[in-house]
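This report refers to the structure that appears directly beneath it.
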Amino acid sequence: MIATLKRLAPRFWLLLLLVALGIGLTLIEQRGRLMSPTFNATSDGEQPDYYLENVEYTRFNAQGEADQTLSSPRIAHTPDDDVTRARSPNVMLLDSSGRHWHATGKQARLSGTDDTLVLTGDARLFEPDRQWRLETDTLHYDRNDRHAWSNSESYFHRGNQRTRGNRFDAWLDRKELVIDGDVHGYFPMTTQSDTP
(Lines give C-alpha, C1' and ligand atoms only; values in the text may rest on other atoms or scores of the structure.)
Protein backbone atom coordinates (compact mmCIF):
# COMPACT_ATOMS: atom_id res chain seq x y z
CA MET A 1 0.00 0.00 0.00
CA ILE A 2 2.87 2.37 0.76
CA ALA A 3 4.32 1.55 -2.64
CA THR A 4 0.99 2.42 -4.28
CA LEU A 5 0.88 5.78 -2.46
CA LYS A 6 4.43 6.53 -3.57
CA ARG A 7 3.44 5.91 -7.22
CA LEU A 8 0.25 8.00 -6.87
CA ALA A 9 1.89 10.87 -5.02
CA PRO A 10 3.44 12.62 -8.08
CA ARG A 11 0.23 12.21 -10.06
CA PHE A 12 -1.88 13.32 -7.11
CA TRP A 13 0.26 16.44 -6.55
CA LEU A 14 0.19 17.24 -10.25
CA LEU A 15 -3.62 16.91 -10.30
CA LEU A 16 -3.94 19.06 -7.17
CA LEU A 17 -1.63 21.68 -8.73
CA LEU A 18 -3.73 21.75 -11.95
CA VAL A 19 -6.97 22.13 -9.97
CA ALA A 20 -5.47 24.98 -7.92
CA LEU A 21 -4.20 26.67 -11.09
CA GLY A 22 -7.67 26.38 -12.68
CA ILE A 23 -9.33 27.88 -9.61
CA GLY A 24 -6.78 30.70 -9.55
CA LEU A 25 -7.30 31.55 -13.22
CA THR A 26 -11.08 31.47 -12.79
CA LEU A 27 -10.87 33.87 -9.86
CA ILE A 28 -8.61 36.21 -11.81
CA GLU A 29 -11.02 36.26 -14.75
CA GLN A 30 -14.06 36.77 -12.50
CA ARG A 31 -12.25 39.52 -10.58
CA GLY A 32 -11.80 41.41 -13.86
CA ARG A 33 -15.52 41.11 -14.57
CA LEU A 34 -16.63 41.91 -11.04
CA MET A 35 -14.30 44.90 -10.72
CA SER A 36 -15.33 46.29 -14.10
CA PRO A 37 -17.25 49.55 -13.58
CA THR A 38 -20.85 49.80 -14.69
CA PHE A 39 -22.30 52.68 -16.68
CA ASN A 40 -25.99 53.44 -16.70
CA ALA A 41 -26.02 55.28 -20.01
CA THR A 42 -29.64 56.36 -20.07
CA SER A 43 -32.65 56.36 -17.84
CA ASP A 44 -33.94 53.47 -19.96
CA GLY A 45 -30.95 51.43 -18.85
CA GLU A 46 -29.52 51.06 -22.36
CA GLN A 47 -26.01 49.69 -22.02
CA PRO A 48 -23.02 50.93 -24.01
CA ASP A 49 -21.11 48.90 -26.54
CA TYR A 50 -17.91 50.53 -25.28
CA TYR A 51 -16.65 53.06 -22.77
CA LEU A 52 -13.33 54.85 -22.36
CA GLU A 53 -11.77 56.36 -19.26
CA ASN A 54 -9.61 59.51 -19.01
CA VAL A 55 -10.13 60.35 -22.65
CA GLU A 56 -9.68 63.33 -24.94
CA TYR A 57 -12.17 63.17 -27.81
CA THR A 58 -11.34 65.41 -30.80
CA ARG A 59 -13.55 66.27 -33.77
CA PHE A 60 -12.11 67.73 -36.97
CA ASN A 61 -13.62 70.14 -39.49
CA ALA A 62 -13.72 69.60 -43.28
CA GLN A 63 -10.21 71.07 -43.61
CA GLY A 64 -8.82 68.50 -41.18
CA GLU A 65 -8.30 70.99 -38.34
CA ALA A 66 -9.28 70.17 -34.77
CA ASP A 67 -12.25 72.39 -33.93
CA GLN A 68 -13.78 70.65 -30.91
CA THR A 69 -12.02 68.74 -28.13
CA LEU A 70 -13.82 67.07 -25.26
CA SER A 71 -11.90 65.82 -22.20
CA SER A 72 -13.67 63.54 -19.76
CA PRO A 73 -12.90 61.03 -17.05
CA ARG A 74 -15.35 58.68 -18.78
CA ILE A 75 -17.28 58.45 -22.04
CA ALA A 76 -19.62 55.72 -23.25
CA HIS A 77 -21.27 55.04 -26.60
CA THR A 78 -24.70 53.44 -26.90
CA PRO A 79 -25.22 51.72 -30.26
CA ASP A 80 -29.02 51.81 -30.53
CA ASP A 81 -29.24 55.61 -30.58
CA ASP A 82 -25.62 56.22 -31.76
CA VAL A 83 -24.94 58.66 -28.92
CA THR A 84 -21.71 59.25 -27.02
CA ARG A 85 -22.15 60.43 -23.43
CA ALA A 86 -19.46 61.95 -21.22
CA ARG A 87 -19.20 62.64 -17.51
CA SER A 88 -17.77 65.93 -16.20
CA PRO A 89 -16.82 67.15 -19.69
CA ASN A 90 -14.39 69.97 -20.37
CA VAL A 91 -14.82 71.15 -23.97
CA MET A 92 -12.57 73.39 -26.08
CA LEU A 93 -14.24 75.02 -29.09
CA LEU A 94 -12.26 76.81 -31.78
CA ASP A 95 -13.85 79.64 -33.76
CA SER A 96 -12.86 80.78 -37.27
CA SER A 97 -10.45 83.39 -35.81
CA GLY A 98 -8.56 80.72 -33.88
CA ARG A 99 -9.88 81.83 -30.48
CA HIS A 100 -10.42 79.14 -27.85
CA TRP A 101 -13.80 79.00 -26.15
CA HIS A 102 -14.34 76.65 -23.22
CA ALA A 103 -17.48 74.89 -22.06
CA THR A 104 -18.16 72.65 -19.08
CA GLY A 105 -21.06 70.74 -17.56
CA LYS A 106 -21.91 67.70 -15.50
CA GLN A 107 -22.81 65.59 -18.56
CA ALA A 108 -22.29 65.84 -22.32
CA ARG A 109 -24.09 64.20 -25.20
CA LEU A 110 -22.76 63.89 -28.77
CA SER A 111 -25.08 62.45 -31.37
CA GLY A 112 -23.62 60.42 -34.21
CA THR A 113 -26.35 61.68 -36.56
CA ASP A 114 -25.68 65.43 -36.27
CA ASP A 115 -22.99 67.82 -35.07
CA THR A 116 -24.71 69.09 -31.94
CA LEU A 117 -23.06 68.86 -28.54
CA VAL A 118 -25.39 69.14 -25.52
CA LEU A 119 -24.01 69.95 -22.07
CA THR A 120 -26.35 69.50 -19.12
CA GLY A 121 -26.15 70.29 -15.43
CA ASP A 122 -24.51 73.59 -14.51
CA ALA A 123 -23.38 74.18 -18.10
CA ARG A 124 -20.99 77.07 -18.68
CA LEU A 125 -19.49 78.77 -21.72
CA PHE A 126 -16.32 80.85 -21.26
CA GLU A 127 -14.73 83.33 -23.66
CA PRO A 128 -11.34 83.97 -22.07
CA ASP A 129 -10.26 86.94 -24.24
CA ARG A 130 -13.17 89.07 -23.07
CA GLN A 131 -13.37 87.49 -19.60
CA TRP A 132 -17.07 86.69 -19.75
CA ARG A 133 -19.08 83.55 -19.10
CA LEU A 134 -22.57 82.20 -19.61
CA GLU A 135 -24.24 79.86 -17.13
CA THR A 136 -27.32 77.76 -17.78
CA ASP A 137 -28.73 74.31 -17.09
CA THR A 138 -28.58 73.01 -20.68
CA LEU A 139 -26.22 74.33 -23.36
CA HIS A 140 -26.47 73.30 -27.02
CA TYR A 141 -23.63 73.84 -29.48
CA ASP A 142 -23.84 73.35 -33.26
CA ARG A 143 -20.28 73.04 -34.54
CA ASN A 144 -21.23 73.71 -38.19
CA ASP A 145 -22.67 77.16 -37.42
CA ARG A 146 -20.55 77.67 -34.28
CA HIS A 147 -23.79 78.57 -32.56
CA ALA A 148 -24.33 78.05 -28.81
CA TRP A 149 -27.78 78.42 -27.27
CA SER A 150 -29.99 77.58 -24.35
CA ASN A 151 -33.75 77.56 -23.96
CA SER A 152 -33.49 77.57 -20.17
CA GLU A 153 -32.77 80.33 -17.67
CA SER A 154 -29.34 81.77 -18.46
CA TYR A 155 -26.92 84.13 -16.76
CA PHE A 156 -24.30 86.29 -18.46
CA HIS A 157 -21.38 87.52 -16.33
CA ARG A 158 -18.74 90.07 -17.30
CA GLY A 159 -16.74 91.58 -14.47
CA ASN A 160 -19.25 92.95 -11.93
CA GLN A 161 -22.04 93.02 -14.53
CA ARG A 162 -24.72 90.32 -14.54
CA THR A 163 -27.64 89.75 -16.89
CA ARG A 164 -30.33 87.08 -16.63
CA GLY A 165 -32.77 85.90 -19.30
CA ASN A 166 -34.95 82.96 -20.27
CA ARG A 167 -32.90 82.16 -23.37
CA PHE A 168 -29.59 83.03 -24.96
CA ASP A 169 -27.92 82.62 -28.32
CA ALA A 170 -24.22 83.14 -29.06
CA TRP A 171 -22.57 82.92 -32.48
CA LEU A 172 -18.85 82.42 -31.91
CA ASP A 173 -17.71 83.58 -35.36
CA ARG A 174 -19.94 86.65 -35.43
CA LYS A 175 -19.02 87.73 -31.90
CA GLU A 176 -22.74 88.14 -31.26
CA LEU A 177 -24.71 87.36 -28.11
CA VAL A 178 -28.48 87.70 -27.61
CA ILE A 179 -30.30 87.27 -24.28
CA ASP A 180 -34.11 87.07 -24.53
CA GLY A 181 -37.16 86.69 -22.33
CA ASP A 182 -37.71 88.47 -19.01
CA VAL A 183 -34.23 90.01 -19.11
CA HIS A 184 -32.87 91.54 -15.89
CA GLY A 185 -29.45 93.15 -15.55
CA TYR A 186 -27.18 94.46 -12.85
CA PHE A 187 -24.64 97.07 -13.99
CA PRO A 188 -22.87 98.72 -11.05
CA MET A 189 -21.74 102.28 -11.53
CA THR A 190 -18.02 102.86 -11.66
CA THR A 191 -16.46 105.59 -9.57
CA GLN A 192 -13.20 107.44 -10.04
CA SER A 193 -11.50 105.01 -7.64
CA ASP A 194 -12.69 102.04 -9.82
CA THR A 195 -10.98 103.31 -12.98
CA PRO A 196 -7.22 102.93 -13.51
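Between Leu17 and Asn61, what's the calculated FRET efficiency when r is the beta-carbon distance and R0 is 45 Å? Round to 0.05. Efficiency, from the Cβ-Cβ distance: 0.15.
Once backbone amide H atoms are built at 1.01 Å from N, Trp132 has Glu127 as its partners under 5 Å, excluding neighbours fewer than 5 places away on the same chain. Each residue was assigned an accessible area with a 1.4 Å probe, and for Ile75 the value is about 0 Å².
Per-residue 3J(HN,Hα) values for segment 65-76, derived from phi via the Karplus relation 6.51 cos²θ - 1.76 cosθ + 1.60 with θ = phi - 60°, read 9, 5, 10, 7, 10, 10, 10, 7, x, 7, 10, 9 Hz in sequence order (x marks Gly and Pro). Applying Stokes-Einstein at 37 °C and 0.692 mPa s to the Kirkwood radius of segment 50-186, computed over alpha-carbon pairs, gives a translational diffusion coefficient of 215 µm² s⁻¹.
The values are calculated or read from the model by the stated rules, or taken from the named source; none is laboratory data. This one's a predicted model, so the numbers in the text were calculated from it and none came from an experiment. Methodologically, a virtual Cβ is constructed for each residue, glycine included, from the backbone with ideal geometry; neighbour enumeration extends over all protein chains shown. Only protein heavy atoms, including side chains, enter the accessible area calculation; ligands, DNA and RNA are left aside. Shrake-Rupley method; radii C 1.70, N 1.55, O 1.52, S 1.80 Å.
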